[in-house]
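Input: a single structure, listed below in C-alpha cells.
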Amino acid sequence: MSVAKVSEIIASSPKSFDDALKMGIARSQKTLRNLKSAWIENQQVLLDDEGKIKEYRVQLKITFAVED
C-alpha cells in the first residue's frame, strides 16, 4: 500500500506560464522526494504600470509518495 501527500506552491517567471511551471517543479524537487505528479490549480499574470505582462504565476499542487 502506498500513501501520497499533496503540497501546494506558487511559482513565477518573467518568461511564460510554462517556464513558471518548470521552475516550480524544479524547486519542489530540492525539498520533496518521490514526486509523482503536478497539476496547475490556477494561473495569473502581474501587469506593470503600462498594462504589459510583468510576471506569469502558476499555483501548483504537487503529489509525492510518502516514505515508510
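Readers should treat all values here as calculations from the given coordinates under stated rules, not as data from a laboratory. Owing to the predicted nature of the structure, the values given are computational and were not obtained by experimental measurement. Cβ sites come from the backbone with ideal geometry, for glycine too, and all protein chains shown count toward neighbours.
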- Task: Amide H neighbours of L60 under 5 Å, at least 5 residues apart or on other chains, H built in the peptide plane: list them.
- Result: I9, I10, A11, E41
- Message: Charges at C-beta only: +1 for Lys and Arg, -1 for Asp and Glu. How large is the resulting dipole of the chain about its Cα centre, in Debye rounded to 20?
- Response: 240
- Query: Can you work out ³J(HN,Hα) from phi for every residue in the range 38-51, in order, using Karplus 6.51 cos²θ - 1.76 cosθ + 1.60 and θ = phi - 60°, giving whole Hz and x for Gly and Pro?
  - Reply: 8, 9, 8, 7, 7, 10, 7, 10, 9, 10, 7, 5, 9, x
- Message: Report the number of Lys pairs in the chain whose alpha-carbons are under 14 Å apart, with separation of 8 or more residues or on distinct chains.
- Response: 7
- Note on the structure: Calc'd 3J(HN,Hα), the range 27-37, phi into Karplus 6.51 cos²θ - 1.76 cosθ + 1.60 (θ = phi - 60°), Hz, glycine/Pro = x, comes to 5, 4, 5, 6, 10, 10, 10, 6, 4, 10, 6
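Most exposed first by the Cβ proxy, i.e. fewest other Cβ within 10 Å, how do E8, E50 rank?
Working: E8 9, E50 6.
Going from sparsest to densest Cβ surroundings: E50, E8.
What number, in percent, do you get for the relative contact order of the chain if the mean sequence gap of Cα pairs under 8 Å and at least 6 apart is divided by its residue count? List each step's numbers first, then the result.
Values: 131 pairs, mean separation 31.6, N = 68.
Value for the chain: 47 percent.
Taking neighbour counts of Cβ atoms within 10 Å as a proxy for exposure, in what order, fewest first, do L21, L47, L32 appear? Mind dumping the intermediate values first?
Values: L21 19, L47 10, L32 16.
Exposure proxy ranking, most exposed first: L47, L32, L21.
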- Query: What is the order of I62, I9, I53, fewest Cβ neighbours within 10 Å to most?
  - Reply: I53, I9, I62
- Message: Taking amide H atoms as placed 1.01 Å from N in the peptide plane, list the residues 5 or more away in sequence, or in a different chain, whose amide H sits under 5 Å from that of K54.
- Response: L46, L47, D48
